[in-house]
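The values are calculated or read from the model by the stated rules, or taken from the named source; none is laboratory data. Keep in mind the model is a prediction, meaning the values are calculated, not measured. Note that we place each Cβ from the backbone using ideal geometry, even for glycine, and neighbour counts take in every protein chain shown. Note: accessible area is taken over every heavy atom of the protein model, side chains too, but ligands, DNA and RNA are not part of it. Shrake-Rupley method; radii C 1.70, N 1.55, O 1.52, S 1.80 Å.
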Amino acid sequence: MKIDSSLNYTATRNACKLCTPLGAALVFSGIEGSVPLLHGSQGCSTYMRRYLISHYKEPVDIASSNFTEETAIFGGGENLRLAIENVTQQYSPAMIGIATTCLSETIGDDVPLIVNSIKDRNDLPVLVHVSTPSYSGTHVDGFHEAVKAIVDQLNPAEGFGSAEHTQDKKVLNILPGMLSNEDIRHLKSIMETMAIQPVILPDPSERLDGSPWMEYQVIQSGGTSLSDIRRMGSATGTLEFGRVMGLRSKHRSVSKGQSAGTLLEKRFDVALKSIGIPIGVRETDRFFSAIEGLTQLPAASRFVQERGRLIDAYVDCNKYLAGKRAVIYGEEDLVVGLAAFLSETGIIPVLCASGGMSGFLRQALEEVISPSVMKQVSVKDGVDFMEIEQEARQLHPDLFVGNSKGYASARRLKIPLVRVGFPIHDRVGGSRILHIGYKGALNLLDTLVNTLLQTRQEKSEIGYSYL
Amino acid sequence: METIPVLKEREKQIFEKGMDSFAMECDKKSLAGSVSQRACVFCGSRVVLYPIADALHVIHGPIGCAAYTWDIRGALSSGPELHRMSFSTDLSETDTIYGGEKKLENALNELIDLYSPAAAFVYSTCIVGIIGDDVEAICKKVAKTKKIPVLPVHSAGFKGTKKDGYKAACDALFKLIGRNDSTRVSATSINILGEFNIGGEAWIIREYYKKMGVQVVSVMTGDGRVDEIGAAHRASLNVVQCSGSMIHLAKKMELEYGIPYIRVSYFGIEDMADALYDVAAHFKSNPEIMKRTQSMVRNEIKAILPELNWARKDLKGKKAAIYVGGAFKAFSLIKALKHLGMRVVLAGSQTGSREDYRLLRDMCDFGTVILDDANPLELAKYIIEKDADLFIGGVKERPIAYKLGIGFCDHNHERKIPLAGFIGMKNFTKEVHATVMSPVWQLVPRRGAKPEFVL
């Protein structure tokens, strides 16, 4: 293969991103009793189902309004209505989450209008709609837009001020973004220890990681309940993960890019704390102090112990990690979280890359990485895996850290890959990886160090018994 | 037990032998909101052309279609692996306003320079037709300057079903055929159509024909090469597997080049043997071929029988459910499962024809449920009602089976071992045995809590 690094290619080669409706479908799969419905071709739903099933190893049902040629000419209103009725009949859902696709957006279907025309029918569930044209943004945008749509449409401004909106000191909203099921479970356990009632939106941790069934579950149990979502306006605060997300929200308009947390703050005066995904010591410290700020509750001693254990492991591993070079890729906010963690262990994140293109990746990285390390970091946003590979080739990394889609490149470069994030299609337990909190960082640290040790052991002629 | 509801509009696509009169409807667009297991037109084209390893496959559209089909099926190659790359024009909002033609042209020119492919396929996705890009014209232009075939594939997702996608792929393949007259082709030569080499099957089949003394000119499209396909018009016979996807091409080649075709399946002992015998019979002017075939088949079967007999002891009387893309595969699977002593209680396909379903009905026992274009709820309903022990399907069916404590065999894109040929039957047997007899089922609630323990 010829490589010409001077060329900026038009084509995307092995994308490091997915399309917007996937993010929305993922969010709708994390709401109790909800069925995602994509307004577009049958293929979109089926492809996304396959993609998600290969990661979660669980049934993921996503309905489609199934466009035909006639639909594309005369508009999709009739198909969408039929789809809503059929989903209702088959699944008896509490909610249908409707996301658009490139097709329905391009022909100009007015989904809010179609939905509003049937919204008040009492034989239908709650309908939430979100605009997710596949040609705009990435799955991360689809994810955040869907979270915002749910919060917005289930908490209209009109009802505010009534009795149910008296502030509840014990309730804390958490908008975690795209985390693993294990991460969500860990969050819940932290909240339980602290006697906080969290509203975590979305929460796929039970729906997409459940036990075998006695009978078929038309919709798996679990997920954020609609009644909890309707309480979000009266929470004591909102904790929103993702530094890129926070920066975007600050700089964008309500209609585009602003977050659900900002909406809750503006509409219901719910205090908002925007923090990075809590990976590693410092970002998790900030997480606990943010909770303290919002709830006035101190972190429990259990977490002090976990923190100590993590730092102790950093110390034990310092020589294995100092100066090691890692390539990190994936969703921008995950990259920032991982970079914060890796750089505090002594690893240099020589390349921080994402298919996302918010424009805030560098700024967010600068917030968590010291200037001296930052000088050694190459930041690339809006890139694909072939660009990452090309850049990585020059940087001589020791590790790739990211989702399983980087495997092809890591394999060509003969660099070990530590799998984190989403998707993980070539290993089991992808949704059970713990990333966040002191415990998550400890789990990642063990995996990282053991990967390096294994590489060293295998490459060594001596075959050390002690490392 | 709560029964799972079936949509009224779907009832005519479900048939239970001995219970209903046969008025099976099929060949329909999927019902909105039914959660079909089907994909789209694009998917049909993509799976057929995907294994051509030295071609550039460019997906013209927003990023999703390319991202979700990156390295999606085994489709092993003995040489180049360009097909395992995912190329997209990654259309953005401005492209949907001003058109994506320029972007497509630039992308093609760059990628052809970079990877020197033998040909390029350009797949249209949903919005390409809507925004009015003249893909045909761009392809012609690039083909002229780069001097390789650049072929548009008319695969806009909503313009029909997966079957229309197969047809669009066949049309593109047909344009490649006839471009290469330099390959030496014997009088006893064939093309293998509809074998995609997911787990290395095409290599096994090729070897069989080679041993018989039959030349394989091209495989469409497993381990496929543009040059081999270019010479396909010079073969004497087309041997068509997976007839749903490739029969259109076989018919076109018969019309244009006068090449007759036969339909075969390489799955299961009987069908595999027939596939070889039918080809040998076609070349009856050379009786040596038949002789070699007979002795080869005898030896191959002899080699796998002990394994089959061993597995049958455990599998006898177990019940299987089958849900596949094309119905033709279901026929072979039913025969193969019978060989293992198993009974098929559910058989369905995404794209079967009325004729296919009639044949399925005739092959199946009373009580067997036949489904066209089913959805997860229907599949779950009937595997529970029929108490299946094994489900054969693809990725989307796997979790349905597992959640209900039923063994599973991937007979689709994600299989890693060849399931075709005689050796494939042995592999299949081992796989079915391993999953059906796994001790884990003793622990799942639906198996651990059988009625006799509950009562």
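Points worth noting:
- Degrees, to the nearest 10: B:354-363 long Cα axis against longest axis of chain B: 30
- Considering only A:S301, A:A340, A:C352, and ranking their Cα positions along the charge dipole of the range A:219-367 that arises from unit charges at the beta-carbon of Lys, Arg, Asp and Glu, the one farthest toward the positive end is A:C352.
- The 3J(HN,Hα) values that the Karplus relation (6.51, -1.76, 1.60; θ = phi - 60°) gives for the range B:243-253 are, in residue order, 4, x, 8, 10, 5, 4, 5, 4, 5, 4, 6 Hz. Gly and Pro appear as x.
- List of the range A:100-140 residues, accessible area with partners at least 50 Å² below that of the chain alone (1.4 Å probe): A:L103, A:T106, A:Y135
- Diffusion coefficient of the protein assembly as shown by Stokes-Einstein, Kirkwood radius over Cα pairs, 37 °C, 0.692 mPa s: 113 µm²/s.
- Radius, Kirkwood style, for chain B when every pair of distinct Cα atoms is counted (Å): 23.2
- By the combined test of axial Cα extent (at least 27 Å) and Kyte-Doolittle hydropathy (mean at least -1.0), the qualifying DSSP H helices of chain A come to A:301-321, A:437-459.
- Chain pair A, B: total accessible area buried, heavy atoms, 1.4 Å probe, Å²: 6100
- Proximity of backbone amide H atoms, modeled 1.01 Å from N, is registered between B:F121 and B:L56, B:H57, B:V58, B:L151 at under 5 Å, excluding neighbours fewer than 5 places apart on the same chain.
- Which listed pairs, of B:K102/B:K147; A:K148/A:K169; B:K318/B:K396; B:K318/B:K416; B:K251/B:K416, have C-alpha distances above 21 Å, in listed order: A:K148/A:K169; B:K318/B:K396; B:K318/B:K416; B:K251/B:K416
- When the protein assembly as shown is described by a simple charge dipole with +1 on each Lys and Arg Cβ and -1 on each Asp and Glu Cβ, the residue from B:N106, A:V35, B:A32 located farthest towards its positive end is B:N106.
- Dividing the helix sum by the residues of the protein assembly as shown, where each DSSP H run of 4 or more adds -39500 (n - 2.57), gives a mean residue ellipticity at 222 nm of -13500 deg cm²/dmol.
- Stokes-Einstein D (µm²/s) once Rh is taken as the Kirkwood radius of the range A:1-158 over alpha-carbon pairs, at 37 °C in 0.692 mPa s: 201
- All Cα-Cα distances of the range B:173-240, cut into 5 Å bins from zero to the largest, leave 4, 20, 30, 27, 15, 4, 0 percent in each bin in turn.
- Going from the chain on its own to the full set of protein chains, the range A:32-81 has these residues losing 50 Å² or more of accessible surface (heavy atoms, 1.4 Å probe, no ligands, DNA or RNA): A:Q42, A:T46, A:Y47, A:R49, A:R50, A:I53, A:N66, A:E69.
- Accessible area per residue (1.4 Å probe, heavy atoms of protein chains only) ranks B:W441, B:W310 as B:W310, B:W441, with the largest value leading.
- Neighbour net charge for A:I415 - beta-carbon separation under 12 angstrom, K R +1, D E -1: +4
- Going by accessible surface with a 1.4 Å probe and the largest first, B:D227, A:D203, B:D113 read B:D227, B:D113, A:D203.
- The range B:101-192: Rg to Rh, with Rh as the Kirkwood radius over Cα pairs: 1.04
- Counting only protein heavy atoms and a 1.4 Å probe, the protein assembly as shown has 37 square angstrom of accessible area per residue.
- Where N is the number of residues in chain A, Cα Rg divided by 2.2 N^0.38 Å: 0.99
- Rounded to 10°, Cα long-axis angle of helix B:269-282 versus longest principal axis of chain B: 40
- Chain B: angle of helix B:135-146 to the longest principal axis, Cα-based, in degrees nearest 10: 60
- The range A:277-359, accessible surface, carbon-and-sulfur percent (1.4 angstrom probe): 51
- Accessible surface of the range A:189-232, 1.4 Å probe: 47 percent of it comes from carbon and sulfur atoms.
- Portion, in percent, of the accessible area of the range B:219-265 that falls on carbon or sulfur, probe 1.4 Å: 47
- The range B:383-446 and the range B:13-31 have Cα centres spaced 25 Å apart.
- Principal axes of the range B:210-328: Cα extent on each, largest first, Å: 50, 37, 22
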